[in-house]
Structures are given as structure tokens and as C-alpha cells.
1. Would you please name the GluC sites (Glu not before Pro) within the stretch 343-394 that are DSSP coil residues with at most 13 other C-beta atoms within 10 Å of their C-beta?
2. Can you list the HN-Hα couplings for the stretch 50-61, worked out from phi with the Karplus curve (6.51, -1.76, 1.60; θ = phi - 60°), rounded to whole Hz and with x for Gly and Pro?
3. Quick check: the distance between the Cα centres of the stretch 172-238 and the stretch 110-136, to the nearest angstrom?
4. Please give, to one decimal in nm, the separation of the simple spin-label points placed at Asp36 and Ala144, each 7 Å out from Cα toward the Cβ.
5. Which value results when the Cα radius of gyration for the stretch 461-578 is divided by 2.2 N^0.38 Å?
6. Output ³J(HN,Hα) for the stretch 404-416: one whole-Hz value per residue in order, computed from phi by the Karplus curve 6.51 cos²θ - 1.76 cosθ + 1.60 with θ = phi - 60°, and x for Gly and Pro.
7. Nearest 10 degrees, 0 to 90: what angle lies between the long axis of helix 170-184 and the longest principal axis of the chain (Cα atoms)?
8. Using a 7 Å offset from Cα along Cα-Cβ at Ala387, what residues in the stretch 356-372 end up with backbone N under 14 Å from the label point?
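What follows draws every value from the coordinates through simple rules; no lab data is involved. Here the structure is a predicted model, which is why all the values come from computation and not from measurement. With ideal geometry, Cβ positions are generated from the backbone for all residues, glycine too; neighbour counts draw on all protein chains shown.
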Amino acid sequence: MSLVTLGAPLSTWRASLEDSASSLSEHLAAVYGEDDVELWRARYLQIVAQFEQRYGVDGGDVVISRCPGQMNIMGMHIDYGGMPSLRLAVKGHDTITVIRQRTDDLAQLSSRYEGEEGERDFEATSFSVRDLAAPEPLGDGRQALMEYAGQICTKRERETGSTIDTSWSILPQGQLVYLDSWLRGRGRELTGLDAYVHSNVSPSGGMSSSSALVISTAYAALGLYGVVPGKDISWEDAIDGVGTSEWIRGTQGGTADHGGMVLGLAGELVSVGVFPAQPCGSAPLPPEFVAVIFDSGVPRIYDEAGKEETVLAYPLGVFVVRDLLLKAKVGTPGWEGLRADVHDRIELIRDITPENLGIDAAQLNELLVEVPQTTSLQQIEAWAQQAGASDAFAAMISRDVGAKFPRITPDTTIQLRRRFIFGLAEQDRVAATIEFLAQGDMPTVFELVRLSHAGDYDEEVEDAELLQIAAAARRADPRGRLAFVPGGYGRMTPDYDRFVGKLNDFLRSYGDDAGGIQRLGAGWGGNVGGLISRRFLEGDQRLALERLLRDDLNVTVDLDSCVATPGHGAGLLPSPLA
């Protein structure tokens, strides 16, 4: 564990925040910028006072953490397939946690939102951390945490009729389950705590307010034990482990949102890898463009049954390709380049690339034609039995299905090809976006943004589309790649699509280098965003964009407030005593 001092008495925090020349004030200036540091010093003083009002001044040192919201520039719905995505941490949109350790095992949490959508105090919660804890340490593996979450969700459904817990407090409770297990594995044990959370991260979707809550409270809890993320706890545990704890809520998401808000860099677009969590490179945001986030006003529809089907498509597609299709290609004419250890090379959907398999891009597209458009678990099981892969199928079900998808039955219809190809295409779009950004080819970047948005339509990928891409690949055509196939992940609603379509039609009327907008977050509704030219922030073009938002889309905003500036990732505030 770190020997760095992370806590301090409330009075010491207050004195340091009131001193504009303190090292803490200098830290806040570096995080928020010189122009906004006074606003944030006042906000932190307010938050410290609110903690004291709720929990009193006595009780020992407190730790303070912050976690920004994040924006996904490219790579939607693919992190739970282990694939990297392009992210930025949104400067000035933070979830802040003030926390203090207790001598008993009672955890008390309260939370407040103050942002563009108004103000709201959430119902305070309290619980025993020992009653909350898993019976035995879960280990450091993400798999064990997902299985444990599945058991909790199955029990919840029996008791309440739903696998989902909609209370805000289940999110910090979930990460405390994980951190308790992590600490017990190192001879420590989680004790009680008092925590106050204050956020201005929009809850409308797109900036990952729930994930910011999870990371902020987890960082604060770790700080109580002298644990510095990235130093005393690996990024894999601090991001993949803590992020996967959201499954305890009843959602089956990935952890790139958490990675984007942890690994963010000022002024940079960061490629975030998962399983293990790691930075995979970064690039400056082109200075003539800005990232923007708009609240569409379209309510998000939480289709949990639909979400389970889409998430399951990745591991199921991997099984079909690895254990059924490629197995049949071994030794056949034209497939001599297939690597002898190809089975061992494929663990997740991210591993299905021409380079990893030893084939070319055209062959991959031709292989994907053989992936069933529509199927079910029982149909794949019958196919596996015919192919002599029953044991492999059983192992896949145990590992990748288990109790994680309580709504999936053996005969549930799974739109396999469109979901699976969306993931592969989106992975390629991330790589292509980075390549075209480096080349300064912004029109193609914006085309890829629009294709990514279209990937959320519930449309099939037909044989002819894949064979056309294969033919282009054989001609060495730069567009002969999966990045230019939308796929069909099925997370769109007509109203949500209309909002994005209107914005993109407007931008394209100003040229193919004006910008590109797509859906954000889990889909179905909420925020939208993308990159637009700076020229829309001033003059006649600003007025035209504001008029479109107001008159056609019923959104009245100050455009400056919609700009998402890449900022610093999550962190513990340096103690005034350090």
C-alpha cells in the first residue's frame, strides 16, 4: 500500500481550499483551468460543508476524490467484447466524493445532483458492509464477479420480479462488494464509512453518470486505505474490476466508460483498451474541431431483454466462428494460411481479425457469410453436436452464459449475424478513425461516425453486402474493410434517430468536413454527440445551428455549454497534509 498521505481533517481541507496560493488550489487550477479555478474552489468548499452538515465535523480524516464524465467518440457497445474505443474525459463535469472511515461496519451514503437539468437530492442510504460482502473473496478475476452478480440478479428477480435494482445506491454498493473482496485478498477488511457524493454529470445518458458515481466512490474508498489507483491497485482491477461491479445492479455493460474517465488526458482523444484495462494510445483533438454533446430529450428505454440478447451475441458468435466454422476450414483449399493454433488465438470477439487468424480481409468477410442470421442456443447446440463440439459448447455456456443472462432461454431468438458483425465492424471503425484522423481526412471520419450510428438500426447484414466488401478487399480498395459495414445492433428508436439525422443533414449542408453526430451511451435515447467544426460556435453558422436545435428539435441550449473539452482523468485530490 502507498505511504502517501491521502486524508486530512475537514478543517484542513477547508483552509487549503480558501487559500488561493495553496498546493491544492494549484492542483485544481491544473485540472479545471485557471479561468474556472475560483468557481471550483467555491464548489469544493460547498461540498465539504455539505458533508459536515450530514455527518458532523468529528470522526477523523476525510478523503476527497473526483471523476469526470466521459464521451465516446468511436466504438459503441464493443467494450464487453474486449475491444478498444476512442474516448475523452469531459472537463468540468465531475462527480466528487467526500468520505470518512467509521469504527463500526455501517456505511452511510448521500448524494446530490446540481447541473443543467436542475437540482436533486437523492434518498440517503445506509447498510452493513459485512452483510453486503460476498461470503468468500471473489478473487481478482472479472469472471467470478460476473457470476456472483448473476446470482444476485437471479435472486432479485425471484423476490421482486425484476433483475434490475433502480436505486442509485446499488452502484456504490456494487463497487464496495468488489473492493471488500480485493482488500480481503490482501489481508485487509472494509469497514463502515460516511460518504457524500456531489455531481454535475448529466444523468441523461452519454456521459456515463452512473459509471462516474461508481469510479468516484471507489477511488474515495480506496483512499481510506492508502491505495492509489494505478500504483497500489492495477488499472485492470481499478477499471475492469470496479467497472464490472455494475453488473450487480442488473446491467451487462463493459468497462470502457470507466476507462475513458480514468485514463483521460487533457486535450487528447484516448484509445482505451479493456480486459485488461489499459491506454492504447492517444491523439490530440484537431484544433479546428470541437466535441459536442446534446441532450436529445428522447427518454431512454431500458430494454433489458433486448440488451441481454445483444450482449450474448458476441461470445456466441465467437463460438460459432472458432469452434464450428474455422474448425471446418482446416485443410481445405484456399485456407492454407490459417494458423495452426487458431483455436487458442481466439478468446474474445476482438481476436477475430485477419492478422490474428492468418487469413486476408476478403476471406474473413466470406467466412462471416456463414454466420447464421437468426439462431438460438438450442440450434447452436444441435450444430455443435453434429460437428463433434458438444463439450466446447457446454464449456462456452458455463463460462459465457451461466447466470448472467436470466432472460435468455434455449429457444430465445438471437439476431446473431447483424449483432456480431456490428461488433467486428465497430472495432475496425475505431482503428480506421485513428488512421483517417492522422491523415487529416475528416470527411471519412465523419462518414464513419454516421455509419456507427446506422449500426444501431435493427437491420440485417446480407450476403451480398459482405461479398461486395470482400471483392473490394481483393482489389486492395481502401474501402474493402468491415469499417464500412454498419451491422445491426438494434439499440435505436425512431425519435432518437430523427434527432441525429436532422443534425447530420444540417451539417452536411455545409460540406462533408463540417462534422458528424451519432448516438451516445447504451442507445435507445438520451444524449447524442460527435465532432463539429469550430465555425458553428460563432457568427451566422452558430445562429443557424441554434435555430435548428430550437425550432426543429425543441432544444434550447447555450452551445458553449454543449462543448466537451478533453480533460484530466479521475483522481484523488492531494491531501493538504502531504
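1. Glu347
2. These are the phi-based 3J(HN,Hα) values: 5, 4, 4, 4, 7, 10, x, 8, 8, x, x, 5 Hz.
3. About 13 Å separates the Cα centre of the stretch 172-238 from the one of the stretch 110-136.
4. Between Asp36 and Ala144, the simple spin-label model gives 4.0 nm.
5. 1.45
6. Along the stretch 404-416, the couplings run 6, 10, x, 8, 8, 10, x, 9, 4, 6, 10, 7, 5 Hz.
7. 90
8. 367-372
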